[in-house]
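Here is the structure we will look at.
The values are calculated or read from the model by the stated rules, or taken from the named source; none is laboratory data. Keep in mind the model is a prediction, meaning the values are calculated, not measured. Positions of Cβ are generated from backbone atoms using ideal geometry, with glycine treated the same way; all protein chains shown enter the neighbour counts.
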Amino acid sequence: MFKTMRLSVVWAGVALGVVGGCGDAEAPEAGVARSFDGRALSASRWSTSASMGSARGLHTATLLDSGLVLVAGGTTGAGTSGLTRSAELYNPYSDTWSGTGSLNVPHQNFAGVRLDSGKVLVAGGQDGSGAPSSSIAELYDPASGVWSLTGALVVPRSFFTLTRLDSGKVLASGGMTPAGGLSTSAELYDPATGTWSLVGSLSTSRFSHTATQLYSGEVLVLGGLGTVTNTVELFSPATNTWRQVRPMPVTRAGHTATRLFSGYVMVAGGFDPGTRGNPVLSSVDVYDPYNDRWFSVPPMNRPRRDHTAVLLYSGALLVTGGTNGTTLETSTEVYDPQSNRWFTIDHMPAPRTGHTATLLDTGAVQLIGSTGEGVSPPSSMRFTP
């Protein structure tokens with residue numbers, strides 16, 4: 001029932017010409033990031049959900065084909081002392097948690113993605129061995145609940161991104177390397193062979209950046225730390241090459257970058273590493289891939305960094321938590337692309353930063369874990385539109 005609902009939303013978007021486009025698709029009206037439902041979600045609400053088996057942060061949360069959420073690895077305490085191999089499954093239909101197979105090695109500050117097969121790939125991060133970055137990659141099989149090792153990354157890395165491509169392969173970009181340096185390298189994982197291969201190089205080394213797949217199949221990489229720059233790069237899977245596009249108006253790290261139904265990419269908040277004092281930002285810039293240009297939309301009501309942004313089935317963008325630079329946020333905002341406005345809605349039951357936010361098949365959003373001022377209690381929270 002829930003998968004049918006999700007597909008019906010996608011088809012509604014296709015009918016309006018905003019979903020499933022490509023690089024030469026008709027561009028939406030200049031300066032407007034449209035959606036087919038611009039409701040402000042005034043009746044939305046937060047609720048506290050069942051507690052995990054243990055508190056954790058710096059983990060991954062991946063929605064499975066079954067609708068369950070796989071939460072893996074991370075840390076249960078400060079630094080690497082609390083690194084864990086444990087993994088849990090959240091059932092949103094019964095609001096219950098259950099244990100599942102443990103990772104072969106602990107990971108934190110790593111990345112994970114669901115493959116076309118339904119398995120989950122996690123890779124890299126820090127494993128507690130003392131090295132800044134790991135090359136170990138693992139596969140989770142939902143049918144058996146077991147993790148198995150797969151091919152190792154060519155370049156060990158942490159604070160990097162994983163992006164599943166239309167081909168089914170997975171792109172890893174940037175990150176920190178074992179020597180504590182930064183990488184311009186990128187590599188592709190081929191699920192058919194279980195191996196990684198280097199594929200071009202970024203022009204700028206960066207970590208803690210964002211990578212967003214466009215409707216064209218290309219991947220937009222921007223922001224982050226390392227070399228302080230506003231450069232923006234596109235990876236083309238057709239040629240396995242990188243190219244620079246129009247730079248961002250400001251430098252950002254700790255931001256979010258979300259593809260809207262229009263195909264535009266909304267880059268919100270974060271902090272400016274290129275300005276003295278690294279001010280936390282409320283500003284929002286939008287990238288138009290059809291015309292290689294940037295335009296600004298109204299700022300968020302609160303400056304925030306290390307927050308999450310989730311595109312709801314309605315086309316609205318939900319932004320949660322983060323920090324304003326001095327305190328952790330409980331505030332929640334929704335951007336309505338149809339009216340080009342931000343709306344402040346109900347506050348979360350507790351502040352979160354560095355958490356994960358997963359869009360469920362039901363349309364609700366599940367917030368799990370926390371970092372920042374220590375790891376949060378094991379409870380999770382749900383936003384119901």
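Looking at THR212 and the list (1) in a strand (DSSP E or B); (2) closer than 25 Å to VAL319 by Cβ; (3) touching a residue at least 60 places away in the same chain (Cβ under 8 Å), which single condition is not satisfied?
Exception for THR212: condition (3).
Filter segment 193-204 down to residues that are of a type in the set (Ser, Thr, Tyr) and either closer than 28 Å to PHE271 by Cα or surrounded by 20 or more Cβ atoms within 10 Å (Cβ to Cβ) (or both), then give me how many there are.
So the count comes out to 3.
So THR275 clears everything in (1) under 20 Å from PHE207 (Cα atoms); (2) hydroxyl-bearing (Ser, Thr, Tyr); (3) in contact with a strand residue (DSSP E or B) (Cβ under 6 Å, 6 or more places away or on another chain); (4) surrounded by fewer than 21 Cβ atoms within 10 Å (Cβ to Cβ) except one condition, right? Which one?
The one condition THR275 does not meet is (3).
On the given criteria, is ASN291 farther than 30 Å from GLY168 by Cβ, part of a loop (DSSP other than H, G, I, E, B) and polar (S, T, N, Q)?
Criteria not met by ASN291.
Kindly evaluate TYR313 against the criterion of being within 19 Å of the chain's Cα centre (by Cα), of a type in the set (Ser, Thr, Tyr) and not in a loop (DSSP other than H, G, I, E, B).
no
Could you please find all residues in segment 108-129 being under 15 Å from the mean Cα position of the chain (by Cα) and assigned to a loop (DSSP other than H, G, I, E, B)?
Once the filter is applied, which keeps residues that are under 15 Å from the mean Cα position of the chain (by Cα) and assigned to a loop (DSSP other than H, G, I, E, B), segment 108-129 yields ASN109, PHE110.
Need pairs with beta-carbon distance below 7 Å; first residue under 14 Å from THR358 (Cβ atoms) and part of a loop (DSSP other than H, G, I, E, B) and within segment 73-101, second among the basic types (Lys, Arg) and at pLDDT 90 or above; sequence gap 6+ or separate chains.
none
Need pairs with beta-carbon distance below 7 Å; first residue within 13 Å of ALA172 (Cβ to Cβ) and within segment 186-202, second among the acidic types (Asp, Glu) and modelled with pLDDT of 95 or more; sequence gap 6+ or separate chains.
Going by the 7 Å Cβ cut-off, the qualifying pairs are TRP196/GLU187; SER197/GLU187; LEU198/GLU187; VAL199/GLU187; LEU202/GLU233.
Would segment 205-227 turn up any residue that is polar (S, T, N, Q), more than 27 Å from SER262 (Cβ to Cβ), buried (at least 22 other Cβ atoms within 10 Å of the Cβ) and modelled with pLDDT under 95?
For segment 205-227, residues polar (S, T, N, Q), more than 27 Å from SER262 (Cβ to Cβ), buried (at least 22 other Cβ atoms within 10 Å of the Cβ) and modelled with pLDDT under 95: absent.
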